[in-house]
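Asks: Next up is a structure, given as structure tokens.
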Amino acid sequence: MNNKVALVTGGTSGIGKEIVIELISKDCKVITCYSSNEENAKNLEKELNNKNLLILKCDVSNEEQVINMFKVIKEKFGKLDYLVNNAGTFIDNLIKDFCIDDFRKVLDINLLGKVICTKHAYPIMNDGGSIVNISSHLGVVPCTESPAYCAAAAGIINFTKATALEFADRKIRANSICPAFTPTPLSLKGWKQEEIEQKLKETPLGRFATPEDTARLCLFLLSDDSSFITGENIWINGGRM
Ligand SMILES: NC(=O)c1ccc[n+]([C@@H]2O[C@H](COP(=O)([O-])OP(=O)(O)OC[C@H]3O[C@@H](n4cnc5c(N)ncnc54)[C@H](OP(=O)(O)O)[C@@H]3O)[C@@H](O)[C@H]2O)c1
């Protein structure tokens, strides 16, 4: 992965941050973006202190900001080898109580944000590049109180398959990952303690997923080790069905 150029959206926290750390450790040039938490961005910059890392402020649901981000990437690096669409948010409520603006916000960031980044990455992606979209266990097995998140996560899986079909002529692969509950700021905000304990009971391997679990699978799917895998969706859930 030496000298490959990778964009990881939402890499200043949780799962995305771990993907950034793993890619940097493989000597990739890594760009990541965030939308609001400057402190996390500064901390990551300090923690890694690496000339191969570039952190940009860009809301993935805002097409103009995404276009500007890719302009910067093109000027600085000239190309992109890997795209990891990871940025996401979580707002929960029952369907009957959901404010439609909140529902739309989840779809805009979690689903459309990946569409917008994929569309604008395409022109600068190298043939043979690889895209990994982070979906969720909830994209396959829905739950109550997270209908917007579930809908976006399910959409990501099929959008990934459509991307794999469309981009195959340039040998650009696209795969999705569905992590189960992974303790991060996003998930800890979204679930009550008793719900979290219940998830653990339902997990045959008896532990939660970690950001490292997803990051390692992500690197495999980006790398040439998975060169004949595209349009696939892979669960990381410790055996939960
Ligand atoms: N944690 C879980 O249990 C779990 C399970 C399955 C799937 N996932 C998925 O994994 C991905 C990462 O989640 P996480 O748990 O690692 O969350 P996290 O720790 O809250 O990190 C989310 C990251 O996304 C960024 N972000 C949020 N909205 C953004 C936007 N509009 N534009 C650009 N960046 C934005 C955040 O930065 P700012 O706050 O500064 O914007 C942050 O860097 C999400 O797509 C989530 O759906 C998580």
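The values are calculated or read from the model by the stated rules, or taken from the named source; none is laboratory data. In this text, all values refer to a predicted model and were calculated from it rather than measured experimentally. Every residue, glycine as well, gets a Cβ built from its backbone with ideal geometry; the counts of neighbours run over all protein chains shown. We work out accessible area using only protein heavy atoms, side chains counted, and drop any ligands, DNA or RNA first. Shrake-Rupley method; radii C 1.70, N 1.55, O 1.52, S 1.80 Å.
Asks: Add +1 for every Lys or Arg and -1 for every Asp or Glu among the other residues with Cβ under 14 Å from the Cβ of Gly239, and state the total.
Replies: After counting each charged neighbour, the total is +2.
Asks: For a 22 Å ceiling on Cα separation, which of these pairs sit above it: Lys105/Lys199; Lys57/Lys105; Lys161/Lys201; Lys4/Lys42; Lys51/Lys171; Lys114/Lys171?
Replies: Flagged as over cut-off: Lys105/Lys199; Lys161/Lys201; Lys4/Lys42; Lys51/Lys171.
Asks: Could you check which residue among Val115, Val106, Val140 shows the biggest mean-square fluctuation in a GNM of the chain with a 10 Å Cα cutoff?
Replies: Val140
Asks: Given labels modelled 7 Å from the Cα in the Cβ direction, how far is it in nm from Glu212 to Asn126?
Replies: 2.9
Asks: Let me ask something else about it. First obtain the Kirkwood hydrodynamic radius of the chain from its Cα pairs, then insert it into the Stokes-Einstein equation at 10 °C and 1.306 mPa s, and state the resulting D in µm² per second as a whole number.
Replies: 89
Asks: Taking 0.36 nm per residue of sequence separation and subtracting the Cα-Cα distance, how much length would be gained by fully extending the chain between Lys161 and Asn68, in nm to one decimal?
Replies: 30.8 nm
Asks: If I measure Cβ to Cβ between cysteines in the chain, which ones have no partner under 4.7 Å?
Replies: For the chain, the answer is Cys28, Cys99, Cys117, Cys143, Cys150, Cys178, Cys218, because their Cβ atoms have no other cysteine Cβ under 4.7 Å.
Asks: Whole number in Å², please: accessible area per residue of the stretch 5-236, 1.4 Å probe, ligands, DNA and RNA not counted.
Replies: That works out to 48 Å² for each residue.
Asks: Between the stretch 1-66 and the stretch 89-163, what is the separation of their alpha carbon centroids in Å?
Replies: Taking the Cα centre of each part, the stretch 1-66 and the stretch 89-163 sit 19 Å apart.
Asks: With the contact rule set at Cα under 8 Å and sequence spacing of 6 or more, what percent relative contact order holds for the stretch 90-241?
Replies: 27
Asks: Using packing as a proxy for protection, rank 40-53, 160-173 so that the peptide with the highest average count of other Cβ atoms within 10 Å comes first.
Replies: Packing proxy ranking, top to bottom: 160-173, 40-53.
Asks: Could you tell me the ratio Rg/Rh of the stretch 1-49? Both radii from Cα atoms, Rh via Kirkwood.
Replies: My calculation puts Rg/Rh at 0.95.
Asks: Here is a further query. Carbon-plus-sulfur fraction of the accessible area of the stretch 49-112, 1.4 Å probe, in percent?
Replies: Values: 1750 of 3620 Å².
That fraction is 48 percent.
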